[in-house]
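Read-outs throughout are calculated quantities, based only on the coordinates presented, and are distinct from any laboratory measurement. The model shown is predicted, which means the values in this text are computed figures rather than measured ones. Note that we place each Cβ from the backbone using ideal geometry, even for glycine, and neighbour counts take in every protein chain shown.
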Amino acid sequence: MSTGVVIGDLLAVADVGAVWANADEGAHATGSVTGKRRGEMAEAKFLAKASELGFGVAKPWGDSDAYDFIVQTGGKLWKVQVKSAHVAWKDGSYSFRAHGHSYKAYRADEIDLLVAYVVPENAWYVFPVRVIQRMKSLKLFPGSRKKRSRFEKYREAWWILRRK
């Protein structure tokens with residue numbers, strides 16, 4: 001699966017599916033794929049997805065802030081943290097950390113949204129910080145018909161970014 005995004009005169013294309021497939025086997029042209037590299041791939045996927053949806057997307061310099069992107073919709077700027085999961089647990093769930101490096105739950109003064117990407121299911125969840133600000137982790141069941149997470153209403157909830 002190739003993903004591309006055009007920003008001004010710059011075109012970036014990546015065969016993300018092949019890289020993730022190799023990541024699961026532990027093989028990559030530059031060595032084994034680390035969690036950090038997988039996170040970077042999810043961020044690239046987010047950049048493409050948000051751009052396809054017509055949002056303006058900016059990446060802050062460095063990684064010292066709690067958020068990964070600033071997304072512009074209309075006159076509003078959103079601080080967005082992107083998380084990804086690549087492997088399901090035995091119960092079919094995918095777990096996400098809902099905290100930063102300090103192991104404390106995200107606060108409303110740090111981020112506006114947490115966007116969680118379930119790679120094998122190609123499923124996006126868009127959470128307002130108020131929903132996750134007291135949590136340190138999330139458990140999602142995107143592929144299960146039996147088990148439903150209380151968070152399914154946030155699946156593909158890109159409309160949240162369009163609110164005034």
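Counting Lys and Arg as +1 and Asp and Glu as -1 over every other residue whose Cβ lies under 14 Å from the Cβ of Gly56, the net charge comes to +4. Bridge orientation summary for region 25-164: considering DSSP beta bridges with both residues in this region, about 75 percent are antiparallel. Take each peptide in 90-100, 56-66, count the other Cβ atoms within 10 Å of every residue, and average; sorted highest first, the result is 90-100, 56-66. Cβ-to-Cβ counts within 10 Å put Glu52, Glu121 in ascending order as Glu52, Glu121, the fewest first. Projected over every direction and averaged, the convex hull enclosing the alpha-carbon atoms of region 90-151 yields 4.5 nm².
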